[in-house]
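Visitor: Quick one: the structure is below, and I'll ask about it shortly.
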Amino acid sequence: MENWNPRSPSKPSLVDDGMIAALKAHFDNWVADLITSNKARQTTDPNYIGFSCATTKHVAPKTLRQTSDLIGEVLRLRRLRDDLFPGGLFADPVWDLLLDLYKAGHEHRLISVSSACIASHTPPTTALRHIRIMEQAGMIKRIPDPHDSRRIFLELTPSAQAGMARWIASMDALAAERMRANAN
C-alpha cells in the first residue's frame with residue numbers, strides 16, 4: 001500500500017476476497033437458520049401468522065403497509081439516537097441500507113445508488129464501499145435504469161429479503177409478547 005498511486009488504474013482492494021467470502025457464508029448461514037426456525041415455528045406455534053419471505057407479492061396490502069410503517073419508525077428512531085448522542089458512535093451503514101432497501105421494496109419503489117448513499121448517512125465513498133461489499137456478499141443487486149443509462153438502482157436479493165422479513169417478524173412477535181405481558 002505504501003507504493004500506491006491514487007492516479008494508478010489498479011487500486012488496492014480495501015476488502016480481501018476472504019473477508020467477502022466469510023461475510024457471504026455467515027449471511028447465508030444466518031438466513032438458512034432463520035428460515036429453518038421460521039418453518040419450525042409455523043408447525044409448533046398456534047398463534048404464528050407467517051408471511052412470504054422471498055417476495056412481497058404474496059403479502060396482504062395491510063401487512064405491507066404495517067411493515068413499511070414499522071421500518072420507517074425504526075429509521076426515525078435511529079436518526080433520533082444520532083441526534084441525542086455524539087456523531088459517529090452508531091454508524092451502521094449496512095443496516096441503514098438494508099432497512100431503506102427493504103422499505104422501498106415494500107413500497108414498490110426503486111432506490112438509486114446515489115439515494116442509497118444518502119440513506120446510509122455516511123460519506124459517499126464509504127457508502128459505495130459498503131454497497132460493493134453487500135453486492136459481493138449476495139445481499140443486493142444492481143438494476144440498470146431502462147430510461148437513463150447513467151443511473152443504477154439497487155434491490156435486495158431474495159435471501160436478504162428473507163433475512164429482513166424474519167427480522168420484522170421477530171420484532172413483531174417481540175412487540176406482541178410485550179403487549180400481552182403488559183396486559184396481564
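Here, each number is a calculation from the coordinates, and none is a lab measurement. Model, not experiment: these values are computed from the prediction. Don't worry about glycine lacking a Cβ; one is built from the backbone with ideal geometry, like all the others, and counts go over all protein chains shown.
Visitor: Between Val113 and Asp83, take the C-beta separation as r, use R0 = 25 Å, and let me know the FRET efficiency to the nearest 0.05. Intermediate results must be reported in sequence, preceding the final value.
Guide: On the way: r = 26 Å, r/R0 = 1.05.
Efficiency, from the Cβ-Cβ distance: 0.40.
Visitor: A further question follows. Kirkwood hydrodynamic radius, computed over distinct alpha-carbon pairs, for segment 86-135: how many Å, to one decimal? Write down the numbers at each step before the final one.
Guide: Numbers: mean 1/r = 0.0907 Å⁻¹.
Computed over Cα pairs of segment 86-135, the Kirkwood hydrodynamic radius comes out at 11.0 Å.
Visitor: Taking the simple approach of a point 7 Å from Cα along Cα-to-Cβ for both Asp69 and Asp148, what is their distance in nm?
Guide: 3.2
Visitor: Next question, about the same structure. Would you mind counting up the charge near Leu98? Only other residues with Cβ under 13 Å from its Cβ, with Lys and Arg at +1 and Asp and Glu at -1. Walk me through the numbers on the way to the answer.
Guide: Values: positive: Arg78, Lys103, Arg166; negative: Asp92, Asp96, Asp100, Glu135, Glu155.
Taking every other residue near Leu98 into account, the sum is -2.
Visitor: I'd like the trypsin sites (Lys or Arg not before Pro) in segment 121-184 restricted to DSSP loop residues with at most 13 other Cβ atoms within 10 Å, sorted by number. Each step should come with its number before you reach the end.
Guide: Numbers: sites: Arg129, Arg132, Lys141, Arg142, Arg150, Arg151, Arg166, Arg178, Arg180; in loops: Arg150, Arg151.
Filter output for segment 121-184: Arg150.
Visitor: Net charge near Arg78, counting Lys/Arg +1 and Asp/Glu -1 over other residues with Cβ under 9 Å of its Cβ? Write down the numbers at each step before the final one.
Guide: On the way: positive: Arg76, Arg79, Arg81; negative: Asp82, Asp92, Asp96.
That sum, taken over residues with Cβ under 9 Å, equals 0.
Visitor: Work out, in µm²/s and without decimals, the Stokes-Einstein translational diffusion coefficient of segment 115-169 at 37 °C, 0.692 mPa s, Rh from Kirkwood over C-alpha pairs. Can you show the working numbers first?
Guide: Details: Rh = 12.2 Å.
Estimated diffusion coefficient is 268 µm²/s.
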